[in-house]
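Asks: Here it is: the structure, laid out below.
The values are calculated or read from the model by the stated rules, or taken from the named source; none is laboratory data. Being a predicted model, the structure only gives us computed values, none of them experimental. Cβ sites come from the backbone with ideal geometry, for glycine too, and all protein chains shown count toward neighbours. Side chains are part of the model used for accessible areas, which takes the heavy atoms of the whole protein and leaves out ligands, DNA and RNA. Shrake-Rupley method; radii C 1.70, N 1.55, O 1.52, S 1.80 Å.
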Amino acid sequence: MKIPFSWLKEQVPLTSTPAQIADDLVRLGHEVEGVEMPRAAVAGVRVGQIISKQPHPDADKLSLLKVDVGAAELLDIVCGASNMDEGDKIPVATIGTSLPNGLKIKKGQIRGASSCGMCCSEVELGLADESAGLLILPADAPVGMEVGDYLQLEEAVFDLSITPNRGDCMNTRGLARDLAADAGLSLVDMLPFEAAIDATVQAPKVMVSAETDCPAYLARRIEGVKLGDSPAWMQAGLIMAGMRPVNGIVDVLNYVMLYLGQPMHAFDADKLNGGINVRSAESDELFKALDGRELKLHAGDLVVTDQDSVIALAGIMGSETSGVSESTVNIVLESAFFRPARVSETRRTYAMVSEASMRFERGVDPEMVSIGLQQATKMITELFGGVVGEITLCGNTSEINAAKQMHCSISRIEKRLGITLPETVDDVLRRMGFGILRHADRLDVVIPPFRHDVSIAEDMSEEYARVIGFDAIPEILPALATIAPPRPDRSIHDAVAGGFLQVVTYAFISEKEQRLFVAEDGNDIRLQNPISDAMSVMRRTAWAGLLNVSRHNLNRQQSGIAIAEQGRLYNKTENGHDEKNVLAWLMAGESETEQWYGAARQAGFFDLKGAVEAWLAARGLTGRFIADDSIQGLQAGQSAKILIGRAEAGRIGRVDGDIARAFDIDVPVFVADINLDVLHAGKKAKFAPLAEFPGVERDLVFLLDKSAFVRDAGSDAIVQTVNKAGGKLLTETRIFDLYEGKGVPEDKVSVGVRFILQDASRTLTQQDSDAASAAIIAAMDKRFGAALRG
């Protein structure tokens with residue numbers, strides 16, 4: 001945002017230099033990105049009068065001018081413009097002058113003719129982005145006078161970056177208030193302008209249906225306006241402030257907005273049909289904006305309408321059909337207070353940023369809603385004529401943010417800032433509009449209506465700090481309790497180290513995808529305003545997102561997928577909702593690609609099981625995989641629950657073929673997940689020296705009932721039983737063979753178990769081996785009814 005220095009001085013009798021004012025603004029919390037000096041930038045450019053004009057003998061488009069700039073001799077200048085004539089007065093950059101565009105004027109030769117200066121347009125002077133020729137000055141311009149002084153160019157223009165919480169300072173009035181309060185100077189009173197009311201001009205009919213989003217709406221009709229360009233001083237001010245002049249009415253409204261902070265809009269009254277209504281939009285209602293965009297609105301958007309159509313997206317932009325044009329004679333002025341959150345939400349929905357929306361979504365000064373309309377009325381009637389009707393008022397601006405109060409501890413603020421709060425700062429804050437009263441350690445604050453950002457003690461800490469000056473706050477680190485740093489969560493990193501690629505998917509999925517892995521139980525968390533049907537509920541399974549990622553990659557010639565994701569699952573509860581931190585894996589397609597030494601191999605259940613076991617082992621944990629055909633979405637016979645100790649921590653298995661095909665995946669897909677919240681601390685690895693004595697390796701082959709093996713046993717249950725029975729000497733157990741067929745009864749399965757015994761202090765005897773074997777055989781018989789195979 002740019003603010004001319006002269007505008008500030010019209011509000012406050014400032015005597016400091018622009019550089020000093022810039023420092024004050026920064027200290028008060030308003031970042032100054034730069035200070036432009038328009039008048040100094042054209043120093044050396046003088047008012048010149050063309051005495052003679054002759055065509056260049058060697059160039060059709062050049063002219064030879066003799067120009068009087070008040071010097072002892074006339075200047076010879078070669079000029080390429082064509083819109084000047086003898087007697088015209090023009091800006092002339094003399095030799096040695098540096099123009100705003102960086103060009104330094106030197107004496108030179110152009111097509112053989114000497115040129116001792118340069119005639120300037122608005123572009124060379126930095127007053128416009130484009131021009132049709134030289135800037136022709138009025139006939140009464142004094143020859144030889146500095147053009148910057150004659151045009152009354154700004155001494156300085158401040159380029160500011162106002163923080164989002166300070167909407168009250170996105171205008172001259174707000175910044176002037178801070179500067180006046182800080183320096184102890186008086187601020188010019190903004191007295192309301194009472195226009196002469198013409199009884200023949202009807203007041204606009206206005207209804208506000210959305211009172212929550214629009215607590216105050218003012219409208220006034222002005223008839224007989226003779227629309228033209230705004231005066232040069234206003235256009236120059238707008239250009240200095242970074243805005244483009246449009247037409248007289250729009251320029252006045254922009255000028256008042258920059259000056260007082262109240263955005264307003266003007267409708268062509270003759271293009272409106274019936275009264276005005278401020279209401280919530282209906283779904284798919286059409287709106288054609290001033291910038292040419294055509295929008296389908298969402299239900300709940302705040303709009304201004306007449307009887308036929310939407311004439312404005314409230315607080316953001318008017319419609320193309322109701323806008324002011326060169327043929328406009330009668331206008332309706334709008335000034336309102338729109339709820340900041342509503343304007344912000346709508347602006348983000350349609351990516352429509354305007355000067356008005358930036359101010360409304362930060363919060364405007366309720367007092368300026370009426371004053372701004374009155375000032376705009378005054379300027380329009382003075383510049384373009386017209387007769388004025390009564391103001392139609394809906395709502396009450398005096399009730400907006402009225403009587404906001406807060407209480408806090410002075411010692412708390414002093415402790416936060418590290419300094420004592422002098423009572424002289426209270427006076428500065430009172431001049432800024434605050435009501436400040438001290439009672440011992442208690443600070444009572446009445447917050448001005450235009451300060452939407454102040455509500456808690458920390459906000460008042462900031463107010464005191466910016467008045468005192470952040471440089472005055474001691475650079476002392478606060479006392480902090482020494483605590484152990486949080487242990488980093490390496491869950492996903494360890495999965496990546498295991499050969500998986502990390503993916504991040506949305507926490508929103510479709511209800512149809514949810515039902516594939518989670519039964520309907522009324523505990524879905526539904527989004528009130530979903531982006532699409534595909535993102536309508538909060539996920540309760542991570543597998544759907546992984547399947548979508550897999551489909552995307554398999555459709556792009558990826559032969560194998562191994563991905564993992566760490567994220568949260570969301571479940572509705574009686575008291576709100578519950579979140580689980582989970583890690584999920586997926587493998588599909590080739591786990592080993594074709595090489596010269598072997599064929600490609602498809603990923604299988606045990607590939608993923610091994611990856612999960614390795615991940616658990618890295619944490620000092622051991623998982624037991626217990627067959628479970630009841631897991632929704634997984635194929636029976638190839639699914640299991642994962643137990644860590646006695647807690648069910650996760651699931652693993654092959655995705656049902658119909659579900660995989662629903663995702664357009666025609667290869668086996670294997671998934672797993674672990675609930676990280678239920679994992680306990682694993683065993684820490686300890687150093688153990690290499691055993692000096694040899695171990696004993698024994699093999700035992702058992703016959704088990706098939707039904708018992710599938711229902712109760714499985715490889716993990718067998719390993720657990722052997723480990724428990726083997727005693728302290730047992731160091732390793734694994735299943736080396738699983739056989740069905742010739743020599744084995746049809747209802748039986750042959751399971752080969754290999755175990756290793758070792759003692760670090762001695763060589764084991766035959767008795768040790770036999771004792772361990774006997775214990776294991778007994779345990780297998782008791783647990784599974786297993787017998788040694790003959």
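Asks: When residues of region 626-640 are filtered for being touching a Gly at 6+ places or on another chain (Cβ under 7 Å) and in a strand (DSSP E or B), how many remain?
Replies: 7
Asks: Take the residues of region 25-38 that are surrounded by 17 or more Cβ atoms within 10 Å (Cβ to Cβ) and touching an Asp or Glu at 6+ places or on another chain (Cβ under 6 Å): which is modelled with the highest pLDDT?
Replies: Step by step, filter region 25-38, then rank; the result is 28.
Asks: Quick test of your reading of the structure: residue 233 fulfils all but one of (1) open to solvent by 60 Å² or more (accessible area, probe 1.4 Å); (2) in contact (Cβ under 8 Å) with a residue 12 or more places away in the chain; (3) assigned to a loop (DSSP other than H, G, I, E, B). Name the failing condition by number.
Replies: The failed condition is (3).
Asks: May I pose another question? In the list 128, 141, which residue meets the criterion of being surrounded by fewer than 17 Cβ atoms within 10 Å (Cβ to Cβ) and assigned by TED's automatic domain parsing to the domain that holds residue 73?
Replies: Values: 141 fails: surrounded by fewer than 17 Cβ atoms within 10 Å (Cβ to Cβ).
Unique residue meeting the criteria: 128.
Asks: For region 524-536, state whether one or more residues are in contact with an Asp or Glu (Cβ under 6 Å, 6 or more places away or on another chain) and in the same structural domain as residue 654 (by TED's automatic domain parsing).
Replies: Within region 524-536, the subset in contact with an Asp or Glu (Cβ under 6 Å, 6 or more places away or on another chain) is 536.
Right, trim to in the same structural domain as residue 654 (by TED's automatic domain parsing) and you get 536.
Yes.
Asks: While we're here: Looking for something closer than 30 Å to residue 601 by Cβ and in contact with an Asp or Glu (Cβ under 6 Å, 6 or more places away or on another chain) - is there at least one such residue anywhere in region 506-513?
Replies: No: zero hits.
Asks: Could you please give the count of residues in region 192-217 that are farther than 23 Å from residue 273 by Cα, open to solvent by 40 Å² or more (accessible area, probe 1.4 Å) and either small (Gly, Ala, Ser) or in contact with a Leu (Cβ under 8 Å, 6 or more places away or on another chain) (or both)? Before the answer, list the steps.
Replies: Here is the first cut: in region 192-217, the ones farther than 23 Å from residue 273 by Cα are 192-197, 212-213, 215.
Remaining after also requiring open to solvent by 40 Å² or more (accessible area, probe 1.4 Å): 192-194, 196-197, 212, 215.
From the residues that got through so far, the ones that are either small (Gly, Ala, Ser) or in contact with a Leu (Cβ under 8 Å, 6 or more places away or on another chain) (or both) too are 196.
Number satisfying all stated conditions: 1.
Asks: Name the single residue that is nearest to residue 232 (Cα to Cα) among those in region 155-178 being surrounded by fewer than 23 Cβ atoms within 10 Å (Cβ to Cβ) and acidic (Asp, Glu).
Replies: Checking each candidate, the answer is 155.
Asks: Let me ask something additional. Return the residue satisfying two criteria in turn: it lies in region 514-531 and is open to solvent by 20 Å² or more (accessible area, probe 1.4 Å) and under 29 Å from the mean Cα position of the chain (by Cα), and of such residues it is nearest to residue 612 (Cα to Cα).
Replies: Looking at residues that are open to solvent by 20 Å² or more (accessible area, probe 1.4 Å) and under 29 Å from the mean Cα position of the chain (by Cα), I get 525.
Asks: Can you run down the residue pairs with Cβ atoms below 6 Å, 6 or more apart or on separate chains, where the first is in region 767-782 and farther than 14 Å from residue 695 by Cα and the partner is of a type in the set (Ser, Thr, Tyr) and buried (at least 16 other Cβ atoms within 10 Å of the Cβ)?
Replies: 779/721
Asks: Can you tell which of 544, 564, 507, 534 is open to solvent by 30 Å² or more (accessible area, probe 1.4 Å) and either touching a helix residue (DSSP H, G or I) at 6+ places or on another chain (Cβ under 6 Å) or not acidic (Asp, Glu) (or both)?
Replies: 534
Asks: For the subset of region 663-691 comprising residues that are over 15 Å from residue 618 (Cα atoms) and in a helix (DSSP H, G or I), which member is most open to solvent (accessible area, probe 1.4 Å)?
Replies: 677
Asks: Let me ask something additional. Which pairs turn up if I take residues in region 674-689 that are charged (D, E, K, R) and look for partners that are open to solvent by 60 Å² or more (accessible area, probe 1.4 Å) with beta carbon separation below 6 Å, at least 6 apart in sequence or on another chain?
Replies: Cβ pairs passing all conditions: 677/580.
Asks: What is the one condition in (1) assigned to a loop (DSSP other than H, G, I, E, B); (2) among the hydrophobic types (A, V, I, L, M, F, W, C); (3) open to solvent by less than 70 Å² (accessible area, probe 1.4 Å) that residue 72 does not satisfy?
Replies: Only one criterion is unmet by residue 72, namely (3).
Asks: For residue 6, work out the one condition from (1) among the hydroxyl-bearing types (Ser, Thr, Tyr); (2) closer than 22 Å to residue 155 by Cα; (3) assigned to a loop (DSSP other than H, G, I, E, B) it doesn't fulfil.
Replies: (3)
Asks: Are there any pairs with C-beta distances below 7 angstrom linking a residue in region 88-99 that is at negative phi to a residue that is among the small types (Gly, Ala, Ser) and open to solvent by 30 Å² or more (accessible area, probe 1.4 Å), with the two at least 6 apart or on different chains, and if so which?
Replies: 89/139
Asks: Restricted to region 93-107, and to residues that are out of contact with any Cys (no Cβ under 6 Å at 6 or more places or on another chain) and in a strand (DSSP E or B), which residue is surrounded by the most Cβ atoms within 10 Å (Cβ to Cβ)?
Replies: Among those residues, the one meeting the criterion is 98.
Asks: Taking only pairs six or more apart or across chains, which ones have beta-carbon atoms under 7 Å, a first residue in region 47-63 that is more than 21 Å from residue 87 (Cβ to Cβ), and a second residue that is of a type outside the set (D, E, K, R) and outside any strand (DSSP E or B)?
Replies: Listed by first residue and then by second, the contacts come to 58/112; 61/80.
Asks: Restricting attention to region 397-434, report how many residues are in a loop (DSSP other than H, G, I, E, B), open to solvent by less than 20 Å² (accessible area, probe 1.4 Å) and either out of contact with any helix residue (DSSP H, G or I) (no Cβ under 7 Å at 6 or more places or on another chain) or within 27 Å of residue 475 (Cα to Cα) (or both). Lay out the reasoning, then the answer.
Replies: Kept after step one, since they are in a loop (DSSP other than H, G, I, E, B), are these residues of region 397-434: 400-403, 418-422, 432-434.
Among the residues that remain, those that are also open to solvent by less than 20 Å² (accessible area, probe 1.4 Å) are: 400, 421, 432, 434.
From what is left, the residues that are either out of contact with any helix residue (DSSP H, G or I) (no Cβ under 7 Å at 6 or more places or on another chain) or within 27 Å of residue 475 (Cα to Cα) (or both) are 421, 434.
Here the count works out to 2.
Asks: A further question follows. Give me the pairs, please: first residue somewhere in region 193-205 and farther than 24 Å from residue 305 by Cα, second residue anywhere and of a type in the set (A, V, I, L, M, F, W, C) and open to solvent by 50 Å² or more (accessible area, probe 1.4 Å), beta-carbon distance under 7 Å, and either six or more positions apart or on two chains.
Replies: 198/387
Asks: Within region 549-593, track down each residue that is acidic (Asp, Glu) and either modelled with pLDDT of 95 or more or part of a strand (DSSP E or B) (or both). Before you say what the answer is, go through the steps one by one.
Replies: First, the residues of region 549-593 that are acidic (Asp, Glu): 565, 574, 578-579, 590, 592.
Across region 549-593, the qualifying residues are 565, 578, 579, 590, 592.
Every residue, every condition in (1) among the acidic types (Asp, Glu); (2) part of a helix (DSSP H, G or I), yes or no:
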residue: 449; (1), (2): no, no
residue: 476; (1), (2): no, no
residue: 484; (1), (2): no, no
residue: 489; (1), (2): yes, no
residue: 492; (1), (2): no, yes
residue: 495; (1), (2): no, yes
residue: 505; (1), (2): no, no
residue: 512; (1), (2): no, yes
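Asks: Taking the residues in region 236-257 that are under 30 Å from residue 281 (Cβ atoms) and part of a helix (DSSP H, G or I) as candidates, determine which candidate is farthest from the chain's Cα centre (by Cα).
Replies: Residues of region 236-257 that are under 30 Å from residue 281 (Cβ atoms), as a first pass: 243-244, 246-247, 249-254, 256-257.
Those still in the list that are part of a helix (DSSP H, G or I) too: 249-254, 256-257.
Values: 249: 34, 250: 31, 251: 31, 252: 33, 253: 30, 254: 27, 256: 30, 257: 26 Å.
That would be 249.
Asks: Go through region 160-211 and report how many residues are in contact with a Cys (Cβ under 7 Å, 6 or more places away or on another chain) and not in a helix (DSSP H, G or I). Explain how you work it out, then say what you get.
Replies: Quick first cut of region 160-211, residues in contact with a Cys (Cβ under 7 Å, 6 or more places away or on another chain) only: 162, 175, 178, 206, 208.
Those left that are additionally not in a helix (DSSP H, G or I): 162, 206, 208.
Total meeting the criteria: 3.
Asks: Right, next: Do you know which residues across region 306-332 are under 32 Å from the mean Cα position of the chain (by Cα) and under 11 Å from residue 267 (Cα atoms)?
Replies: Hits for region 306-332 are 311, 312, 318, 319, 320, 323.
Asks: Considering (1) at pLDDT 90 or above; (2) under 19 Å from residue 701 (Cα atoms); (3) not polar (S, T, N, Q), say which one residue 764 fails and leave the rest.
Replies: (2)
Asks: Go through 546, 477, 443, 527 for me and flag whichever is modelled with pLDDT of 95 or more and among the hydrophobic types (A, V, I, L, M, F, W, C).
Replies: Working: 477 fails: modelled with pLDDT of 95 or more; 443 fails: modelled with pLDDT of 95 or more; 527 fails: modelled with pLDDT of 95 or more.
The match here is 546.
Asks: Among the listed residues 114, 131, identify the single one that is free of Cβ contacts under 8 Å to residues at least 40 places away in the same chain and in a strand (DSSP E or B).
Replies: Working: 131 fails: in a strand (DSSP E or B).
Exactly one residue qualifies, and that residue is 114.
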